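The values are calculated or read from the model by the stated rules, or taken from the named source; none is laboratory data. On a predicted model such as this, the values are computed, not experimentally measured, just so you know. Because the Cβ atoms are built from the backbone with ideal geometry, glycine has one as well, and the counts that use them run over all protein chains shown. Quick note on the areas: whole protein, heavy atoms, side chains included, nothing else; ligands and nucleic acids left out. Shrake-Rupley method; radii C 1.70, N 1.55, O 1.52, S 1.80 Å.
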Amino acid sequence: MTASGVVLYGPPGSGKDTVTAELSRIRPEFTLFERLKAGPGRTTGYRLTTAEHIAELSRAGELLYRNERYDAEYAIDRAGVSELIGRGLIPVLHMGQVAGVSAVEAFPIHWVKVLLWCPLNVTEARCKGRGDKDVKTRLAVWHETQQDLMNHSTEPWSVVIDTESHSPAQTAEIIDAAVRERISARPRDIRGSVA
């Protein structure tokens, strides 16, 4: 059987953390892939390192994707994904750029690419509700995400889900079904307009 992974892409507040927790609840094989992170801010859900270490991995060709946001540098390393796959787990990657969604496909497993979406006002309410101190920055990133999607309008998604209209449990069940069914050719569009 071919190994699988899940990429959750969406704006801040679209539910990536909540959906990942729900995926793990319904099927323990679903495991958050902790990206490498160098810089300030949130530490939960990351493997903390230095910018120099990320640069070394990049020079060695060991990174699938690298980006900067919120004054920090992030990376997805081949070894980290391999380690989870080797343990029989299904890595769940959180992504904020369509370029990153495409880049991880270089790792030869079956990727279920999920677009989680919510309106701007939902992002604002959720960010305030979880105590984010940089809500204005998060709202700017929501607009960047919308523009990123418009710039990559032909990107094929396995599943598109409006998280305002679907509970975390419903969303996780849809994603689990996509992994089980190996959906890749025909996306399921379960949302309203992103534009």
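Compute the signed sum of charges (Lys and Arg +1, Asp and Glu -1) over the other residues within less than 12 Å, Cβ to Cβ, of Thr18.
Within the 12 Å Cβ shell, the charges total +2.
So, with +1 on the Cβ of K and R and -1 on the Cβ of D and E, and no other charges, what is the size of the charge dipole of the chain about its Cα centre, to the nearest 20 debye?
Dipole magnitude for the chain comes out near 260 debye.
Over all directions, what mean area does the Cα convex hull of the chain project, stated in square nanometres?
Convex hull of Cα atoms, orientation-averaged projection: 10.5 nm².
If you average the sequence gap of Cα pairs under 8 Å that are 6 or more apart and divide by the length of the range 1-82, what percent do you get for the contact order?
Rounded, it is 23 percent for the range 1-82.
Cα-based Rg (one decimal) and Dmax (whole number) for the range 71-174, in Å?
So, for the range 71-174, Rg and Dmax equal 15.2, 40 Å respectively.
Please work out the C-alpha center-to-center distance from the range 112-141 to the range 1-34 and express it in whole Å.
If you average the Cα positions of each part, the centres end up 17 Å apart.
Summing Lys, Arg as +1 and Asp, Glu as -1, what charge do residues with Cβ under 12 Å from the Cβ of Leu64 carry, Leu64 excluded?
Taking every other residue near Leu64 into account, the sum is 0.
What share of all Cα pairs of the range 90-136, in percent, falls into each consecutive 10 Å distance bin?
20, 39, 27, 13
Skip the ligands, DNA and RNA, and give the accessible area per residue of the chain with a 1.4 Å probe, whole Å².
48 Å²
Compute the signed sum of charges (Lys and Arg +1, Asp and Glu -1) over the other residues within less than 12 Å, Cβ to Cβ, of Ser102.
So the environment of Ser102 carries a net charge of -2.
What share of the DSSP beta bridges in the range 24-81 is antiparallel, in percent to the nearest 5?
Percent antiparallel among DSSP bridges in the range 24-81 is about 75.
Under 8 Å for C-alpha pairs, at least 6 residues apart: give me the relative contact order for the chain, rounded to a whole percent.
Relative CO of the chain lands at 30 percent.
Counting only pairs 8 or more residues apart or on different chains, how many lysine pairs in the chain have their Cα atoms under 18 Å apart?
Value for the chain: 4.
How many percent of DSSP beta bridges within the range 1-102 run antiparallel, rounded to 5?
Expressed as a percentage, antiparallel bridges in the range 1-102 total about 45.
Looking at the range 45-195 only, what percent of DSSP beta bridges run antiparallel? Nearest 5 please.
45 percent
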